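Structure first, then comments.
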Amino acid sequence: MDIMKKDLLEICNLSTSEIDDLITLAKDIIKNPDKYREHCKNKKIATLFYEPSTRTRFSFESAMLDLGGTVVGFSSPTECSVAKGESVADTARTVECFADIIAIRHFKEGAAYVAATNVDIPVINAGDGGHHHPTQTLADLLTIYTEKKTFENLTIGLCGDLKYGRTVHSLVSAMKRYKGTKFYFISPTKLKMPEHVMTALENCNIEHIETAYLEEAMPELDVLYMTRIQRERFSNQAEYIKLKGTYILDSPKLEFAKEDLCIMHPLPRVDEIAVEVDADPRAAYFRQVKNGKFIRMALIIKLLEATNTERPYITDATEFAPTVIKCRNTRCISSIEQGLTPLFIKAKTGYRCIYCDCKAR
Amino acid sequence: MDIMKKDLLEICNLSTSEIDDLITLAKDIIKNPDKYREHCKNKKIATLFYEPSTRTRFSFESAMLDLGGTVVGFSSPTECSVAKGESVADTARTVECFADIIAIRHFKEGAAYVAATNVDIPVINAGDGGHHHPTQTLADLLTIYTEKKTFENLTIGLCGDLKYGRTVHSLVSAMKRYKGTKFYFISPTKLKMPEHVMTALENCNIEHIETAYLEEAMPELDVLYMTRIQRERFSNQAEYIKLKGTYILDSPKLEFAKEDLCIMHPLPRVDEIAVEVDADPRAAYFRQVKNGKFIRMALIIKLLEATNTERPYITDATEFAPTVIKCRNTRCISSIEQGLTPLFIKAKTGYRCIYCDCKAR
Amino acid sequence: MDIMKKDLLEICNLSTSEIDDLITLAKDIIKNPDKYREHCKNKKIATLFYEPSTRTRFSFESAMLDLGGTVVGFSSPTECSVAKGESVADTARTVECFADIIAIRHFKEGAAYVAATNVDIPVINAGDGGHHHPTQTLADLLTIYTEKKTFENLTIGLCGDLKYGRTVHSLVSAMKRYKGTKFYFISPTKLKMPEHVMTALENCNIEHIETAYLEEAMPELDVLYMTRIQRERFSNQAEYIKLKGTYILDSPKLEFAKEDLCIMHPLPRVDEIAVEVDADPRAAYFRQVKNGKFIRMALIIKLLEATNTERPYITDATEFAPTVIKCRNTRCISSIEQGLTPLFIKAKTGYRCIYCDCKAR
């Protein structure tokens, strides 16, 4: 198989069979690490982290090092030319002169898209604001597969902040492709799964149950995916404190769980999983970190082999709105990027920004 | 040939034949990269960036990695021992214990000189304030050569801030060595090429024309070197805004240019070259970035092979002024470096500081 | 021999014979560097520097690179996930997924201990606040050995801030193990060697002389270990200024020193050793830096070979005080680490915190 696109910007860029291929390759890397130790010799990854993330950066860098390649990078905006006002596009084109593949993390939505459209080498989105983080989803999928040995007939509980958590949205959209998936959405009312995710599930006839009570879902779950509830989401602090405890996973709550439950978390955690749970063999979240490295090794291999080097998506100019429209999303890369043409793609209900996916207003 | 000096502190450290040798070597590296992949095996470069510069740092680091060497470094003052008050001299001597060659960038003029005089390993000046940046000039020269296939009989336009731009001064001083060079200096009156550069050209009978109008020079040019005009240079903001547009390179202005014009820029740009120009095959500025890596590979090879390990220049003590004189340039490294002896060298019109080249007052 | 423990948290973790083995190995590395160039191929060190330290970080990183291994790391808190509130324990467990050995520097006492108790891979304490810094002591010991060719019958002068200087305390505790060691403690009264160090020496019958005058001790010394006197230690600035000069090492003071004196300093220095002394062949402080790299190479080799993978020290639960006690030392890692169980070990005069060694109150 070929990776169809030269880049990985969001999980939807990958077909089910491409995901399966990545997981197969990752499993082979886990089994035969020596086979891959020189695989990317003389190749370089550039890790452009406009926002610090130790875990994700180390994961990409050690993935490349374990393939025999090398690394150049920056790990925070204070180290790079951002201060001098260089655009993401120019930085990407500069870095293309030095590296063979780019992993970019940025605080603005659509930054990875901008990088990808400006270079011929593969670009991996390592997180663009609250928008996409596809390698996290790949790590999640590899973890589910290695822990449960299948993607089929799994009951998956997603717990915590389901409204803003990008990892849970991506995971739902990836897992709904498999036979027999059933979801429990466990969250306070204020942080419920957004309407568009629910509608998508209904359209595919995927079973999903909403509840405010973790205990209620627990006995049914094959996988429990925990996320953090951020204090900032609540204007009423008393309500926050009241609710918080309900969504903390501790040993008593696990008493009613299946013996082979798989507990996941994208990390870092603050206190949403009690430290006592770490010793439970069902706690898979540090194995999940390790899987993150292996799936990134597979991804780097596949993207460097990809023969389709077409830059992303500006395929049909007639779909674009008049460029006089400006995206009003302040988290969009178009709000800061010099010389960026505003582009909108026609969607069912109007136009949406090609960078951040927000509706044009 | 041997590099005469162990260090590269300013472009004048190199003779024309040494520059030619570097360019010949760089061209061979471009042609046969595999030949050099292990050339610096077991060698380490230390990148000491007291001031962030993604492009320059990545260029040095990927140069060393592509030669099979490795890297230690810091990329901003927050990461290093500056806060603890360590002198550049002590840092350099410490780093000498770990690395085989140093690339140093510092916000103070003369910092690379201080490092070079304190260690036996080669030191490359990767920019010391507004003072010198010789590897940028080498990258510029390699670009002119690879784009034009010759250094002779070229008409070179330099556009923008010619008063403060160190890269243009170095480029003029390097290019004036070649037969048939002709310069156009294109700038607002306030930002004209300084007197000493003009005098040097007149002394050598090099043709040079000053103009305020880019359009006027355009049809004559083989090379157009763009630089940025900084808003801070103008006290009158209305004047700045009026002038600015005149010096922005866009497609209409290029209509009158030669078919084989070579457009260069040291980057990062802000808006002095319109993004539309990037698609023009004459736009050489990203190729210039790539050339920067290749010439740095050549330089690293040559400096590590250099047999002259003499520390720079304190050859004749009688030339120095009494040490009671203190350099008054606040941008000079002597303004912050602990334990540094003030040194002045006798020049035609008095003494000048050996670190920053400023006249002693 | 085996390193008994999987980690090096403080110099007391090593027996005299283990130190001797490390020094023997370091000497072999110095003699035959090529023999070790691939020794750690496919191994990775993670350098977790929550506090910047160019020298120590470069030393660990170049040690690993010179063994053929690779590096992932961060060099200041702005680059890592500290801002997101991740605990040291979680960071260490995450990093364990990517690396084979950890070197951690942290501003809080006991941070390396927390890391070590949470992972199976070796952890090296690269400095935890003012607490421990065992690889500095190893570098000091290797320097004494390579300069003096013996550890026996040496008269060692320690000069400067003996009250707060952790390196001098560790060096005393390491050197007192050898036959014929004699100490001169040279400091202002306010910064005298603490009582517990003096008592320990008296219990072992080790000769030690206290003096306020460097000149007095000078003629006797085989080794002079200089440290910095920090201005902050004095409430009375006039007293500080009066005293300061007495403890600055310059050429005149060295006139009365032995011909083969070995002058050491942990660096960075500010002005406690005059720059003129650097040219004196007895100045060993930059050789000391180089020895730091070699001993770290030896340490990395030994720890990666260690077969005892037991996590540190929580061997006898009955020794611990009720967990209701909280450590009151604001420099203790327990003051900021989420989910850390307070632990106290029974000492002669009450309980002491297992992380920072402070007495429980």
If we hang a label 7 Å off Cα along the beta carbon direction at residue B:326, how far is it from the matching labels on the other copies, in nm, shortest first?
5.0, 5.0
Return, for the Cα atoms of the stretch C:212-361, the radius of gyration and Dmax in Å, separated by a comma.
22.1, 59
Looking at chain C, send over the antiparallel percent of its DSSP beta bridges, to the nearest 5.
15 percent
Can you work out the base-10 log of I(q)/I(0) for the stretch C:239-303 at q = 0.13, 0.21, 0.30 1/Å, using the Debye formula on its C-alpha atoms alone?
-0.47, -0.90, -1.33
Per the Kirkwood treatment, what hydrodynamic radius in Å, one decimal, follows for chain B from the mean inverse distance over all distinct Cα pairs?
21.4 Å
Going by the rotation axis that takes chain C to chain B, pick out the residue of C with the closest C-beta and quote the gap in whole Å.
C:78, 3
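Peptides A:136-143, C:42-49, A:200-207: what's the order by average Cβ count within 10 Å, highest mean first?
Packing order, densest peptide first, comes out as A:136-143, C:42-49, A:200-207.
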Each label point is 7 Å from the Cα along the Cα-to-Cβ direction; what then is the distance between the points at residue A:278 and residue A:236, in nm?
3.5 nm
Indicate the gyration tensor shape class of the stretch B:169-228 (rounded, prolate or oblate), computed on the Cα atoms with a ≥ b ≥ c the square roots of the eigenvalues: a/c under 1.5 is rounded; otherwise a/b larger than b/c is prolate and the rest oblate.
oblate
Within 10 Å of each Cβ in A:45-53, how many Cβ atoms from other chains are there, averaged over the peptide?
2
Give the aspartates and glutamates whose C-alpha is closer than 15 Å to that of residue A:359, dropping any in the same chain fewer than 8 places away, or say none.
A:109, A:319
By per-residue mean of other Cβ atoms within 10 Å, what is the highest-first order of A:283-289, A:301-307, A:147-153, B:125-131?
B:125-131, A:283-289, A:301-307, A:147-153
Which whole number gives the average count of other chain Cβ atoms within 10 Å of the Cβ atoms across peptide A:66-77?
6
Listed peptides A:330-343, C:227-240 by packing density, highest first (mean Cβ within 10 Å):
A:330-343, C:227-240
Taking a label point 7 Å from Cα toward Cβ, how far is residue B:279 from its twins in the other copies, in nm, shortest first?
6.5, 6.5
Calculate what fraction, in whole %, of the accessible area of the protein assembly as shown sits on carbon and sulfur atoms when a 1.4 Å probe is rolled over the protein chains.
50 percent
Quickly work out the residue C:120-to-residue A:328 label distance, labels modelled 7 Å from Cα along the C-beta direction, and quote it in nm with one decimal.
5.5 nm
Compute the Cα gyration tensor for the stretch A:1-59, then decide on rounded, prolate or oblate, letting a ≥ b ≥ c be the square roots of its eigenvalues: rounded whenever a/c is under 1.5, prolate when a/b is larger than b/c in the other cases, and oblate in all that remain.
oblate
What number in nm² do you get for the protein assembly as shown if you take the convex hull of its Cα atoms and divide its surface by four?
46.6 nm²
Give the nm distances, rounded to one decimal, from residue A:216 to the matching residue in every other copy, measuring between label points 7 Å along Cα toward the beta carbon; shortest first.
8.1, 8.1
Taking the simple approach of a point 7 Å from Cα along Cα-to-Cβ for both residue C:270 and residue A:42, what is their distance in nm?
5.2 nm
Given the pairs B:192/B:242; A:31/A:258; A:148/A:253; B:27/B:182, which span a C-alpha to C-alpha distance of over 23 angstrom in this model?
A:31/A:258; B:27/B:182
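Could you work out the mean count of beta carbons from other protein chains within 10 Å of each residue's beta carbon in C:269-280?
Mean shielding count: 3.
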In deg cm²/dmol and to the nearest 500, what is the mean residue ellipticity at 222 nm of chain B if only DSSP H runs of at least 4 residues count, each as -39500 (n - 2.57), divided by the residue total?
-9500 deg cm²/dmol
Percent RCO, i.e. relative contact order, over chain C, from Cα pairs under 8 Å lying at least 6 residues apart:
20 percent
Can you list the residues of the stretch B:108-132 with backbone N under 20 Å from a point 7 Å past the Cα of residue B:12, pointing along Cα to Cβ?
B:108-117, B:123-132
Given the convex hull of the Cα atoms of the stretch B:134-288, what is a quarter of its surface area in nm²?
8.5 nm²
Quick one: accessible area per residue over the stretch B:132-228, 1.4 Å probe, rounded to a whole number of Å²?
37 Å²
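The values are calculated or read from the model by the stated rules, or taken from the named source; none is laboratory data. Please read all numbers here as calculations on a predicted model, not as lab measurements. Cβ atoms come from the backbone with ideal geometry, glycine included; neighbour counts cover every protein chain shown. When the accessible area is computed, the model is the full protein with side chains, heavy atoms only, and any ligands, DNA or RNA have been set aside. Shrake-Rupley method; radii C 1.70, N 1.55, O 1.52, S 1.80 Å.
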